[in-house]
Amino acid sequence: MCFVNRAGMFLSLLFIFPLATLHAAAPGIPFTEDFSAETLMDSSLTNANWSTTEQAVYLASQITHPTANGGFASTGAALGSSNIDNTASIILGDVDGDDDLDLIVANDSSQANRLYLNDGSGGFAASGTAIGSEAESSRSVSLADMDGDGDLDLVVANNGANRFYRNDGNGDFGASGTAIGTDTDNTYSIALGDVDEGNSSALRKELPKHYNGLQAYCIMLFCLLSAPCIATFAITRRESNSWFWAFFQLFGLTVLAYVVTTIVYQVGILFMAV
């Protein structure tokens, strides 16, 4: 094979005789494989867990003292050994306020979504706690503080009504979720964000009561022309090796900004009065 740098800076040649056939890497070496079917596993080359249904977390070779090179155990620690679910999505977050990451799984095929609380050392219960009484086909989950009470609430995308589950602060999401809207769509993904700009709308309504457009423009003009920040003052002093030029820049730009802004404001008032 021949590798050529496109910028023309160098040419690297690599000859391999004969051409090697690519296989899955040996255990312990980073590799990429197709896990879509268990029949694709080459057991002579890898001992990775090829299960397409089991939820498993691959912990470091030593749970309390992970290896420095990021090594992983040869087998995964099953999550919820008593729950065999068709999981479509997962999300991690501290839902009970104990400073560790808990796990929420969104299950398809009309199976209950489940919460697995972390014991602080990466251990999870053998059986997850069902979230709500619904058994819908969930495709995606997201955590965010939706009600501003300092804990993570849950939003679930379903094949049907999407739902909101309010956290009580201890990881309890209630007996049932609240339907979001009246739509019953086949939702595959969700995203949370402040689309109505939250409290900024109140500020936007209040500012025009105290400032008109000309005043706002002059404020921006003054900020543009005046001395940027104290860091600029320090750099000018160091680069010029002179306090004179540092203070000249600081006061000079401030005076310039004041004079220009005053002229613009006074001229603007004349035009507004016409």
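Side notes on the structure shown:
- Cα→Cβ-extended label distance, 7 Å offset, between A130 and S240, nm: 7.5
- Phi-based couplings in Hz for the stretch 109-126 (Karplus 6.51, -1.76, 1.60; Gly and Pro marked x): 6, 6, 9, 5, 6, 9, 10, 10, 7, 7, 7, x, 10, x, x, 10, 5, 5
- In Å², nearest 10: area of D42 left accessible to a 1.4 Å probe: 60
- Surrounding net charge for S109, when Lys and Arg each add one and Asp and Glu each subtract one, Cβ distance under 12 Å: -2
- Inter-label distance, nm, simple model (7 Å from Cα along the C-beta direction), D100/K205: 4.6
- Fraction of accessible area attributable to carbon and sulfur, the stretch 130-234 (%, probe 1.4 Å): 55
- Take the stretch 201-274 with all the other protein chains still there, run a 1.4 Å probe, and you get 79 Å² of accessible area per residue.
- Computed lengthening from Y217 to F164, 0.36 nm per intervening residue step minus Cα-Cα distance: 14.8 nm
- The simple spin-label model puts a point 7 Å past each Cα toward its Cβ; for A77 and I230 those points are separated by 4.8 nm.
- Farthest toward positive dipole pole in the stretch 137-267 [+1 Lys/Arg, -1 Asp/Glu at C-beta], among T261, N241, T182: N241
The values are calculated or read from the model by the stated rules, or taken from the named source; none is laboratory data. Computed from a predicted model, the values in this text were never measured in an experiment. All Cβ positions, even for glycine, are placed from backbone atoms using ideal geometry, and neighbour counts span all protein chains on display. All accessible areas refer to the heavy atoms of the entire protein, side chains included, with ligands and DNA or RNA removed. Shrake-Rupley method; radii C 1.70, N 1.55, O 1.52, S 1.80 Å.
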